[in-house]
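The structure appears right after this line, and notes come after that.
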Amino acid sequence: MTDFAAARLNMVESQIRCSGVTERRLIDALQAVPREIFVPAERQGFAYMDDCIKVKDAAAGLPARYLMEPRAFAKLIHLAEVREGDVALDVGCATGYSTAILARLASSVVALESDSELVEKASANLAALDIHNVAVLAGPLMQGLPKQGPYDVIVLDGAVDHVPVALLDQLAEGGRLVAIVGKGPSGRGFVYLKSDGRVSKRDDFDALVESLPGFEAVDSFVF
């Protein structure tokens, strides 16, 4: 039987701390949240491996979905500099692990998921952990949830080809959006910062993670 507490500690010590993530509150959250409950039973033994974990197989025209590998996820949240009073939007929450981490860092979290089955799973997982400062809502990921905004932090839970303006527009003044932009080995962790009504960006680290569906670049027709 897997000792999940030991596996969680090993994840933090061997994958997270050594990658430059040192923020105490984030380390505590990663150490506290049982990642294994957000993974299907048959894959729980791999919950803390240094790789993306499939949480739903592709079916009925819907793509497979994954939890981001721990190192990239931790570095992305570290880049967001989540504060205790922040309102966060978690885009593509899947089974809710990222939402559970954000809930320990921010004042409140709105989790957006396009797959209705995953909405139910995320809601059940968060309720099982007695996390109440979150709301899991269904909708297209690229559109965000402007009625619940603006947000101090927006997190995209997977690699994207681009960050839509519609999401950047939902940042509050001083807000941060973090995302892995680029597929495969070209992926980079970016933070987008809104200041004086304008959005700037900077890249920070390399990351190879699974794609978040719905953010694919559309090829334009060239004469």
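Couple of notes before you dig in:
- Relative contact order computed over the chain (Cα-Cα under 8 Å; 6+ residues apart), in percent: 15 percent
- Annotation: amide H-H contacts under 5 Å for Phe205 (H modelled 1.01 Å from N, sequence separation of 5 or more, or interchain): Gly189.
- Residue-wise HN-Hα couplings along the range 187-203, as the Karplus relation 6.51 cos²θ - 1.76 cosθ + 1.60 with θ = phi - 60° gives them from phi, are x, 9, x, 10, 10, 10, 10, 9, 9, 6, x, 10, 10, 10, 9, 8, 9 Hz; Gly and Pro carry x.
- Convex hull volume per residue, computed on the Cα atoms of the range 1-68, equals 91 Å³.
- Using the Cβ-Cβ distance between Thr22 and Arg83 with R0 set to 22 Å, the FRET efficiency from 1/(1 + (r/R0)^6) comes to roughly 0.85.
- Reported to the nearest whole Å, the Cα centre-to-centre distance from the range 71-102 to the range 111-188 is 9.
- Calculation over all alpha carbon pairs of the range 4-206 in 10 angstrom steps from 0 returns a P(r) of 9, 38, 40, 12, 1 percent.
- Taken over the range 1-115, the convex hull of the Cα atoms encloses 92 Å³ per residue.
- The value obtained for the range 90-220, namely the Cα convex hull volume divided by the number of residues, is 113 Å³ per residue.
Just so you know, all these numbers are worked out from the coordinates, no wet-lab data involved. Bear in mind the structure is a predicted one, so any value in this text is a computation, not a measurement. FYI the Cβ positions are ideal-geometry reconstructions off the backbone, even for glycines, and counts take in every protein chain you see.
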